[in-house]
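Read-outs throughout are calculated quantities, based only on the coordinates presented, and are distinct from any laboratory measurement. What you see is a predicted model; the values in this text were computed from it and never measured. Glycine also receives a Cβ, built like all others from the backbone with ideal geometry; neighbour counts cover every protein chain displayed.
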Amino acid sequence: MIALGCDHGGYELKQEIKKYLEEKEIPYKDYGCDSLQSTDYPIYAKRVAHAILDGECEKGILICGTGIGISITANKFKGIRAALCSDCFSAEATRLHNDANILAMGGRVVGPGLAVKIVDTFLNTPFSGEERHKRRIEQMETD
Ligand code: RB5
């Protein structure tokens, strides 16, 4: 199950991502927002982070205008690794190396065609499982 969240700046792109997930028959849960009305991105970052940490969803996709505020918020949660990506190379690398569990994007940064390819790459790339990457991920969790 994929958790989706956005603010008003990411709403339109989220609708495009939903179309892609439906075409691919990938189950998702939408944690809002539900319109273009101005709202606060931390609300949705927190909902999606909780959905992952509670085991309700395996991965998440968060979108705000830039992807920055929403990813900063999600990364405050221990166990969340949110990667802000605007290209497929980064989306692949963050799965292979960081085992990222949230993809963040900027609805005012990437167009829908590229965003769908980034999502496709993110969802279809497994974690490498390599020892050095596991070690570095563990190191993220300590002061
Ligand atoms: C909202 O205008 C905008 O600040 C938000 O979507 C995001 O870009 C914040 O990082």
(request) Under a 10 Å cutoff between Cα atoms, tell me which one of Arg81, Arg132, Arg108 has the largest fluctuation in the Gaussian network model of the chain. (result) Arg132
(request) Sort 42-48, 113-119, 53-59 for me by packing, meaning the mean count of neighbouring Cβ atoms within 10 Å per residue, highest on top. (result) 42-48, 113-119, 53-59
(request) Just need the Rg to Rh number for the stretch 1-64, please, alpha carbons only, Kirkwood Rh. (result) 0.96
(request) For the stretch 51-59, just list the computed ³J(HN,Hα) in residue order, Karplus coefficients 6.51, -1.76 and 1.60, θ = phi - 60°, integers in Hz, with x standing in for Gly and Pro. (result) 4, 6, 5, 7, x, 6, 9, 7, 9
(message) Run lengths n ≥ 4 of DSSP H only: what is the helix-derived mean residue ellipticity at 222 nm for the chain, with -39500 (n - 2.57) per run over all residues, to the nearest 500?
(response) -14000 deg cm²/dmol
(message) Can you work out the Karplus-derived ³J(HN,Hα) for every residue in the stretch 125-141? Use 6.51 cos²θ - 1.76 cosθ + 1.60 with θ = phi - 60°, whole Hz, and x for glycine or proline.
(response) 10, x, 5, 5, x, 5, 3, 5, 6, 4, 4, 5, 5, 4, 5, 5, 8
(request) Could you work out the per residue convex hull volume over the alpha carbons of the stretch 54-130, in cubic angstrom? (result) 84
(message) Please list, ordered by chain and number, the residues whose modelled amide H lies under 5 Å from the amide H of Gly67; skip anything fewer than 5 residues away on the same chain.
(response) Gly107
(message) Under 21 Å between alpha carbons, and skipping anything fewer than 8 positions from Lys29 in its own chain: which lysines qualify?
(response) Lys14, Lys18, Lys19, Lys46, Lys59, Lys117
(message) Treating only the Cα positions of the chain as identical point scatterers, give the base-10 log of I(q)/I(0) from the Debye formula at each q in 0.11 Å⁻¹.
(response) -0.35
(request) Report the local net charge at Gly106: Lys and Arg +1, Asp and Glu -1, summed over other residues whose C-beta lies under 14 Å from its C-beta. (result) -2
